[in-house]
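The values are calculated or read from the model by the stated rules, or taken from the named source; none is laboratory data. Predicted model only: the values in this text are computed from it and were never measured. Don't worry about glycine lacking a Cβ; one is built from the backbone with ideal geometry, like all the others, and counts go over all protein chains shown. Protein only, heavy atoms only, side chains kept; ligands, DNA and RNA dropped before computing areas. Shrake-Rupley method; radii C 1.70, N 1.55, O 1.52, S 1.80 Å.
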Amino acid sequence: MVHLEPAHDAFTFTCTAGGRYLHSAYNPRREAQQFVSSLVCDFNPFCLVVLGPCLSYCLPFLRERFPAIPLYAIQYDECFLPDFSADFTNAMQTACEKSSWDGVFFCGNESGVLSETLFSALGDRQVFGAFFIAWKPAEQVFENKSRLAWEAVKLLLQKSRDVLATHSFFSRRWLKNSVKFCAYLRRPCTIEAGNQPILVAASGPSLAPSLPFIQKHRASFFLIAVSSALNVLVHNGIYPDMLITTDGGFYARYHVRILKKLHDRGIDIPIAAPAESNMDPFLLENIPVLPLRYGDGIESLLFDFCGIKAARAVRNGSVSGTAAEFALSISSSPIFFCGLDLAPSKGFQHAQPNALEQDAGRFDNRLQPLSSRLYASSHSPLGIYRRWFSTQGKKFSGRVFRLSDKSYKEPLDSIRDILWTELDEALIENGKNAKKGAVRCLPQRDTDENKKAVFSFLTEHRERKANENLWYENCALIDYLSALKYPKNEKFMHKCRDSVLHTFDELFKLL
């Protein structure tokens, strides 16, 4: 229990918890000023995060010392959150001198939840240059909360590292994909929102037992397949209304190659995809494609320059996350997931047949058996994706659900699980007559004209050095962030310039 009391200087407040002071009993403002002046930071911080600042006396002094960066707070007790009570609010306003944090986060009982909340607010790039500090009195009084907060910071740094490493590794591949996407796109389409319930088929093992139910109620849903679930559905005679693919990696195209065989049979399933996704030119030229726009990076500029209309999408670590946000944008009815296990499995991690599994299976042998490969795949970072879905709160609560024939192993806090046998019959019947999301083809594009437009775009950006910093981000992200973090070290910026020039040479060769 935190107790508020006047400080001895008679102008400010202090507080105690468990009989121990969280701020000076005499002059808490001077204590905070000395704390801030003693901070040592040997890099150029992108943001600053204070763990346990309590009444936040340090905030105005931090603003004075770090005027150009966001300042965040992680509080250990709810009484220090905004608008907890009139007394604490007045004390906080006195301490902060009318200043305010750019974000305040509460450390609950799960470090993973706090980590995901911080990542959503800060993003991988701010975390790269974040300066974390702790208010020592709170660290000593709230020992358990302090430990949880530092565990959350550790998870946050690990996720940021992994996301940045992925971006850095694939960024040139994504740029090449974007150039090919805009050069070969011939049959663009758009979609009008409807009110039919949407069923998103993910590729977890639980998709298989749901297939009979999907077949039975197919007419009641607008069915979206994530790329890795497409082969499973088609193998069972189920053809989705739309496919969504976001992966820009080399093997991503394997999941969607079946679309060529379907096209040869006269069946075209529209593809929703961002420019950075990896698709064969044949699909871009012959299958209806709904371009998705994240609104960041070179892709967005390229769409504008080439006059390509695109639907808004939200970048996510998994295609299922992007699919969930996209589904919410095209229907006013509930969104249901099948196969969204997000939990390790003893056998295959995906419903079968899976295109990548079929390819990898050709190399199984006595020394490298199937069991070893399955064990390795069971240790994929599903927990990261599970935490993301679990922390979506009000945005998903009451709108997004999981369907299955039995209970899922891992619950998702913001998403309720429903058995197929418990599905509302009225919803099923109404879904049959509801308005589907209408996919409409736009005028076909000429690929020769596409290539000329992309060539002009690249020429303009290389010669005029337009959006130079954006090219640094897309061609050499970690070096660019390092150059901002350590501006006195010129080697990072030299590496950025070399990477951009080399990338331009590679992009021109694609045309």
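Observations, loosely collected:
- Residues of the range 277-303 that turn out to be in a strand (DSSP E or B) and without any contact (Cβ under 8 Å) to a residue 24 or more places away in the chain, as a count: 1
- Elements of type helices (runs of 4 or more DSSP H) in the range 226-276, at least 3 residues being open to solvent by less than 10 Å² (accessible area, probe 1.4 Å): 230-235
- Checked against (1) open to solvent by less than 10 Å² (accessible area, probe 1.4 Å); (2) at pLDDT 90 or above, K176 passes all but a single condition, namely (1).
- Selection within the range 82-104: residues that are touching a Phe, Trp or Tyr at 6+ places or on another chain (Cβ under 8 Å), of a type outside the set (A, V, I, L, M) and not in a helix (DSSP H, G or I). The member of this set that is most open to solvent (accessible area, probe 1.4 Å) is D102.
- Within the range 2-57, if we keep just the residues that are among the polar types (S, T, N, Q) and open to solvent by 20 Å² or more (accessible area, probe 1.4 Å), the residue that is farthest from Q93 (Cα to Cα) turns out to be N44.
- Check on P45, in contact (Cβ under 8 Å) with a residue 12 or more places away in the chain, in contact with a Phe, Trp or Tyr (Cβ under 6 Å, 6 or more places away or on another chain) and more than 19 Å from P137 (Cα to Cα): yes
- Condition check for E449: open to solvent by 60 Å² or more (accessible area, probe 1.4 Å) and either over 26 Å from the mean Cα position of the chain (by Cα) or without any contact (Cβ under 8 Å) to a residue 24 or more places away in the chain (or both): yes
- Checking each residue in the range 277-314 for being hydrophobic (A, V, I, L, M, F, W, C), farther than 26 Å from E473 by Cα and open to solvent by 10 Å² or more (accessible area, probe 1.4 Å) picks out only F282.
- Only residues that are more than 22 Å from K145 (Cβ to Cβ), acidic (D, E) and not in a helix (DSSP H, G or I) were counted across the range 38-81, and they come to 1.
- Every listed requirement among (1) charged (D, E, K, R); (2) open to solvent by 70 Å² or more (accessible area, probe 1.4 Å); (3) within 21 Å of D413 (Cβ to Cβ) is met by R161 save one, (3).
Condition check ((1) under 28 Å from P240 (Cβ atoms); (2) assigned to a helix (DSSP H, G or I)) across all residues:
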| residue | (1), (2) |
| --- | --- |
| V163 | no, yes |
| F169 | no, yes |
| K176 | yes, yes |
| P205 | yes, no |
| A208 | yes, yes |
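- Any hit, the range 321-338, residues being within 30 Å of H217 (Cα to Cα), hydroxyl-bearing (S, T, Y) and surrounded by fewer than 18 Cβ atoms within 10 Å (Cβ to Cβ): yes
- Among the candidates F181, F221, F213, residue that is aromatic (F, W, Y), crowded, with 23+ Cβ neighbours inside 10 Å and within 19 Å of D417 (Cα to Cα): F221
- Looking only at the range 123-149, residues that are within 28 Å of the chain's Cα centre (by Cα) and not acidic (D, E) come to 16 in all.
- Leading residue by the ranking (most open to solvent (accessible area, probe 1.4 Å)) among those in the range 126-153 that are under 16 Å from P53 (Cβ atoms) and among the polar types (S, T, N, Q): Q140
- Residues of the range 426-446 that are surrounded by 15 or more Cβ atoms within 10 Å (Cβ to Cβ) and either more than 30 Å from the chain's Cα centre (by Cα) or not in a loop (DSSP other than H, G, I, E, B) (or both): L427, I428, N430, G431, A434, V439, R445.
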